[in-house]
Amino acid sequence: MGNNKGPRHVAIIMDGNGRWATSQGLDRSSGHEKGTLNIQRVLQAFSAHGVKYITLYAFSTENWNRPKTEVDNLMRLTVSSIADQLAFLHTEGIRITHLGEKSSLPPEVMEAIKECEKTTFRNDKLTLNLAFNYGGRSEIVKAVKKLVEDKVSPSEINESQIETRLYTKGIPDPDMIIRTAGEKRLSNFLIWQSAYSEYYSTETLWPDFNESDVSKAISVYRSRNRKFGEL
Ligand code: IPE
Ligand code: IPE
Ligand code: MG
């Protein structure tokens, strides 16, 4: 059983930064820092396996409910890691796109994300979708609002009319959703797009997720039998 090629698109819920920090006797912000530094090696490892799209869940619409100091720190870290990593990602031929609501972000974060998109626009080796201030439900609400604004009549509404109004317009659905740190839930991530994604959960905390974890996830994916409702 299992004759899958690919995956072409891997989406990752990067969870466990806080637990990693606690396990090392460090504060939570060190965990987020370590987690951010892990992104490059994971991207390179997936790319080596032929993956073309990687979506990273970095900040959810619900993460605003964390203590203000943690939220502020995550915003600062995002700006500084973009400053540190953008040049490298660009040289590697990685295109960065943003999934989420830009308008409610602090201006410096919004600018940093826009700069990523603008700088890497023409790259095509790998697409990195950064889900930041992203929520699946709010994405669907936005799409519905656009349908109404565009005056689409009920008889014209179909799945593709909705899909072209999601943040992920033009991006294939994720073949596999990986969640680190053992939790078994989607936490409002890609709830429309994951309808037929293969789900993979590992106990490994995100800062520890390395090349061999990537290889393992890929081989589990390839051993699965995707059926899409067929026999
Ligand atoms: C994931 O790590 C990063 C974000 C949600 C921003 P957590 O901060 O959720 O780590 P845990 O779950 O507390 O270990
Ligand atoms: C999901 O992780 C969001 C991100 C990884 C950005 P959380 O840690 O916020 O999810 P819950 O609260 O455990 O469901
Ligand atoms: Mg968490």
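Values as computed for the structure displayed
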read-out: In region 172-199, residue nearest to Gly229 (Cα to Cα) [restricted to those that are crowded, with 19+ Cβ neighbours inside 10 Å and hydrophobic (A, V, I, L, M, F, W, C)]; value: Met176
read-out: Qualifying residue in region 113-122 (condition: surrounded by 13 or more Cβ atoms within 10 Å (Cβ to Cβ) and within 16 Å of ligand 2 (Cβ to nearest atom)); value: yes
read-out: Test for Ile140: is it surrounded by 11 or more Cβ atoms within 10 Å (Cβ to Cβ), within 25 Å of Gly6 (Cα to Cα) and modelled with pLDDT of 95 or more; value: no
read-out: Test: residue in region 88-95 that is of a type outside the set (Ser, Thr, Tyr), within 15 Å of the chain's Cα centre (by Cα) and not in a helix (DSSP H, G or I); value: yes
read-out: Residue that is nearest to ligand 3 (Cβ to nearest atom), among those in region 60-73 that are in contact with a Phe, Trp or Tyr (Cβ under 8 Å, 6 or more places away or on another chain) and farther than 15 Å from Asp27 by Cα; value: Ser60
read-out: Leading residue by the ranking (nearest to Ala45 (Cα to Cα)) among those in region 117-127 that are touching a helix residue (DSSP H, G or I) at 6+ places or on another chain (Cβ under 6 Å) and in a helix (DSSP H, G or I); value: Thr120
read-out: Region 181-222: number of residues that are out of contact with any Gly (no Cβ under 7 Å at 6 or more places or on another chain) and either away from ligand 3 (no atom under 16 Å from the Cβ) or not in a loop (DSSP other than H, G, I, E, B) (or both); value: 21
read-out: Residues of region 74-106 that turn out to be surrounded by fewer than 19 Cβ atoms within 10 Å (Cβ to Cβ) and within 15 Å of ligand 3 (Cβ to nearest atom), as a count; value: 0
read-out: Index of the failed condition, Gly6 passing every other in (1) away from ligand 2 (no atom under 16 Å from the Cβ); (2) farther than 18 Å from Leu86 by Cα; (3) assigned to a helix (DSSP H, G or I); (4) open to solvent by 10 Å² or more (accessible area, probe 1.4 Å); value: (3)
read-out: Answer residue from region 16-28, given it is surrounded by fewer than 18 Cβ atoms within 10 Å (Cβ to Cβ) and outside any loop (DSSP other than H, G, I, E, B) and is nearest to ligand 2 (Cβ to nearest atom) among those; value: Arg19
read-out: Residue satisfying condition, being within 16 Å of ligand 2 (Cβ to nearest atom) and open to solvent by less than 80 Å² (accessible area, probe 1.4 Å), within set Tyr57, Tyr53; value: Tyr57
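The values are calculated or read from the model by the stated rules, or taken from the named source; none is laboratory data. Here the structure is a predicted model, which means the values were calculated and not measured. When we count neighbours, we look across all protein chains shown, and the Cβ atoms used for this are built from the backbone with ideal geometry, even at glycine. Heavy atoms of the whole protein, side chains included, go into the accessibility calculation; ligands, DNA and RNA do not. Shrake-Rupley method; radii C 1.70, N 1.55, O 1.52, S 1.80 Å.
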